[in-house]
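See below for the structure under consideration.
The values are calculated or read from the model by the stated rules, or taken from the named source; none is laboratory data. On a predicted model such as this, the values are computed, not experimentally measured, just so you know. For neighbour counting, all protein chains shown are included, and Cβ atoms are generated from backbone atoms with ideal geometry for every residue, glycine included. Accessible surface is based on the protein model in full, side chains and every heavy atom, while ligands, DNA and RNA are left aside. Shrake-Rupley method; radii C 1.70, N 1.55, O 1.52, S 1.80 Å.
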Amino acid sequence: MKMRSLVLAAALAALASAGFADGHGGKVKVGMITTLSGGGAGLGIDVRDGFMLATKMAGNDNLEVVIEDDQRKPEIAVQLADKMIQSEKVDVMTGIIWSNLAMAVVPAATAQGKFYLSPNAGPSALAGKGCHPLYFNVAWQNDNLHEAAGAYAREIGYSNSFILAPNYPAGQDALTGYKRTYGGALAGEIYTKLGQTDYAAEIAQIRASGADSVFFFLPGGMGISFLKQYAGSGVDLPVVGPAFSFDQGILQAVGDAALGIKNTSQWNKDIDNAANKAFVEGFQAEYGRLPSLYASQGYDTANLLLSAMAKADVADADAFRAALAEADFESVRGDFKFGPNQHPIQDYYVREVIKDGDVFTNKIIATSLTDHGDAYAGECSY
């Protein structure tokens, strides 16, 4: 029996031993652990709101969602996961934003027979040798948006980038991804502290580096701090980065400092398809604000789950996994499918930060990568 079949058989046996063999009558209980307070809370709130909007629009009474705040702390996330698995008896888990939290929770959850649908974090360790048949990523693999940025930087002629990111799994994947497609020289490469807010030393290094461009991955409040300080520093090098530091919830706090910056994403509100139009209009009507990338990922995650529920009972683990793998739902991104490691194959766009009336937002100006998967799928052997 091949290793891939052995791991899958063990995972399905774990599902049966966890109590799914008796059946749930079509009902699914979801445990959502996400960041709802402290630094990065806006990201988790958007994932939650996008997910819950999709469930409301579908009107499916067979879906129950239990939501908890991980406070961006791995130890809290692990405690909550244990509670959801042991006490709440959830069938499916989702919600984690940060890759260090995902690495603490996802392997333990799947080992206990729980499906995990990631609406954000996509660490390389879970895409390659650490892949699992019960783990699906509905957003991207961590390297992907940075690969798109590197490809764009190469295309427009940057040849000596200064690059920086926080020192945690997603930050390491970010710089790896950028370098994979960029191919030029590096004027500097820095890993900053996760949660850092003072970037004076890093900006001084950029100033003295001789770089022709800057690439950075600093999500949430880290990106806000860096961009404001960079804009006030007098350094005038062009910036390119992933959407995480230029997303809808961040731009209003950054303001004019972000105008004109190019960033990469697999989604934007101006993608022209019926699913995206319904999502953008529905989100604004429900919450009174424009949706973010994170909200779109939460929305797609819920619709993926609902599509599987329409085809299979979670009690039949093999059938439910097959239904998830089909990805038979209308994504706000347009074309969407899973690769062999259950990570997305999709297009990646270049966006430009603009001001529309009083609102800072993004518009798509180009496509960077088409039908793009990830570099680790070949290492996945379940």
Quickly run through region 144-177 and pick out the residues that are in contact with a helix residue (DSSP H, G or I) (Cβ under 7 Å, 6 or more places away or on another chain), outside any helix (DSSP H, G or I) and at pLDDT 95 or above. SER161, PHE162, ILE163, LEU164, ALA165, PRO166
Could we say that ARG180 is in contact with a Gly (Cβ under 9 Å, 6 or more places away or on another chain), without any contact (Cβ under 8 Å) to a residue 40 or more places away in the chain and in a helix (DSSP H, G or I) here? no
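For (1) hydroxyl-bearing (Ser, Thr, Tyr); (2) part of a helix (DSSP H, G or I); (3) surrounded by fewer than 22 Cβ atoms within 10 Å (Cβ to Cβ), each residue gets a yes or a no:
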position: PHE279; (1), (2), (3): no, yes, no
position: PHE283; (1), (2), (3): no, yes, no
position: TYR294; (1), (2), (3): yes, yes, no
position: LEU304; (1), (2), (3): no, yes, no
position: ALA322; (1), (2), (3): no, yes, yes
Tell me yes or no: at least one residue of region 202-219 is closer than 21 Å to VAL359 by Cα, surrounded by 19 or more Cβ atoms within 10 Å (Cβ to Cβ) and either modelled with pLDDT of 95 or more or not small (Gly, Ala, Ser) (or both). yes
Looking only at region 324-333, which residues are part of a loop (DSSP other than H, G, I, E, B) and without any contact (Cβ under 8 Å) to a residue 24 or more places away in the chain? ALA327, ASP328
Among (1) modelled with pLDDT of 95 or more; (2) surrounded by 17 or more Cβ atoms within 10 Å (Cβ to Cβ); (3) of a type in the set (A, V, I, L, M), the one test that LEU251 misses: (1)
Residue under evaluation SER233, criteria (1) assigned to a loop (DSSP other than H, G, I, E, B); (2) of a type in the set (Ser, Thr, Tyr); (3) in contact (Cβ under 8 Å) with a residue 60 or more places away in the chain, criterion not met: (3)
In region 337-347, the residues that are open to solvent by 30 Å² or more (accessible area, probe 1.4 Å) and either in a loop (DSSP other than H, G, I, E, B) or acidic (Asp, Glu) (or both): PRO340, ASP347
Out of region 348-375, which residues are outside any strand (DSSP E or B), open to solvent by less than 40 Å² (accessible area, probe 1.4 Å) and closer than 25 Å to ALA278 by Cβ? none
Tell me which residues, restricted to region 355-382, are touching a Gly at 6+ places or on another chain (Cβ under 8 Å) and either farther than 30 Å from PHE115 by Cβ or not small (Gly, Ala, Ser) (or both). PHE360, ASP374, TYR376, GLU379, CYS380
Filter pass, TYR182 being aromatic (Phe, Trp, Tyr) and closer than 22 Å to ALA366 by Cα: yes
Which residue out of ALA319, ALA285, ALA308 is more than 25 Å from GLY260 (Cβ to Cβ), touching an Asp or Glu at 6+ places or on another chain (Cβ under 9 Å) and without any contact (Cβ under 8 Å) to a residue 12 or more places away in the chain? ALA319
Residue pairs, Cβ under 6 Å, 6 or more apart or interchain, first in region 353-374 and within 23 Å of ALA174 (Cβ to Cβ), second assigned to a strand (DSSP E or B) and of a type in the set (Ser, Thr, Tyr). List them. ILE364/TYR349; THR367/TYR349; SER368/THR264; SER368/TYR348; LEU369/TYR348; HIS372/TYR348
